[in-house]
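Participant: Sharing a structure, written as C-alpha cells. Questions coming.
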Amino acid sequence: MERIDQEREWEGIAPAVRGYLLRRLAGDEATADDLAQECFLRLYHHREDLRSDERFGPWTMRIARSVLIDHLRRRRPGVPVTEVAAVLPEEEDASLAEAIPLGRYVYTQIDALPAHEAVAIRLVDVVGMAPMEAAERLGLGLPALKARLRRGRQRLRDIIDRCCTVDLDGRGHPLSCEPRAAFAACC
C-alpha cells in the first residue's frame, strides 16, 4: 500500500481507534490520544507486515488492542523490591523456619526467589494469610497472586530437588530430606 493511501486509510479509521481507546480508558482523552499516536507509529513501522490492503481496518484495530494492553501492563501495580519489608507482617516469626521440614534451608531459599514471588509465598505459605487477604495487601487481583504463588513454589521446588532427595507422604507433605552428595552442606 502506498504511503498516501495509508494516510487516507488512517484518517478514515483514526476516529474508530480513538473511540475504542477512549471507551476502555474511561474517557481519559489525553491518554487515548497518546495511545492512538503510538498505534499510528506502529502501523507506520510495520506497514510491510500488512498482507492485504483489504485487511487494513482489522489489522489497525488489532494493533490498537496491543497498544492498549501494553499501556495497561505498564500501569499494573506491583510491589517494588524496596517496599517488600513494609508488606510483610511484623509478627512473622523466624521460629517457623524450624517448624517446617527442610527448615532454615527452605526459609533462606524463599529469600532467593524474585521479590514478588517471595512476598506471596511468605504471606500465604509461611504466615498463613488467606490468599484473598494477601492479594488485597499486595494490591493485586487474586489470579495474579495465585500465579505468583505457583511460579514461586515451582522455583522453590526446583531448587530443593536439585539439592536434596525428599520423601513425601500420600498427601505430598515432606517426610524426610537427604542432601545429595554434591550439596551435603546446603541443607
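Participant: Of the residues in the stretch 121-131, how many are outside any helix (DSSP H, G or I) and either at pLDDT below 90 or within 15 Å of Arg155 (Cβ to Cβ) (or both)?
Facilitator: Summing the residues that are outside any helix (DSSP H, G or I) and either at pLDDT below 90 or within 15 Å of Arg155 (Cβ to Cβ) (or both) in the stretch 121-131 gives 3.
Participant: Of the residues Ala118, Ala144, Ala134, Ala64, only one is in a helix (DSSP H, G or I), under 30 Å from Arg42 (Cβ atoms), modelled with pLDDT of 85 or more and in the same structural domain as Leu168 (by TED's automatic domain parsing); which?
Facilitator: Answer to the check: Ala144.
Participant: Sticking with this one: Please find, within the stretch 154-170, the residue that is nearest to Ala120 (Cα to Cα) out of those that are surrounded by 14 or more Cβ atoms within 10 Å (Cβ to Cβ) and at pLDDT below 90.
Facilitator: The selected residue is Leu156.
Participant: Still on this structure, please answer the following. Starting from the stretch 160-171, keep only residues that are closer than 15 Å to Thr108 by Cβ and in the same structural domain as Val106 (by TED's automatic domain parsing), then list their pairs with residues that are outside any loop (DSSP other than H, G, I, E, B) and acidic (Asp, Glu) whose Cβ atoms are within a distance under 9 Å, requiring at least 6 positions of separation or different chains.
Facilitator: Cys164/Glu178
Participant: Ala36 fails exactly one of the following numbered conditions: (1) surrounded by 11 or more Cβ atoms within 10 Å (Cβ to Cβ); (2) within 25 Å of the chain's Cα centre (by Cα); (3) modelled with pLDDT of 65 or more. What is the number of that condition?
Facilitator: (2)
The values are calculated or read from the model by the stated rules, or taken from the named source; none is laboratory data. The shown structure was predicted, so the numbers you read here are calculated from the model rather than taken from an experiment. Cβ sites come from the backbone with ideal geometry, for glycine too, and all protein chains shown count toward neighbours.
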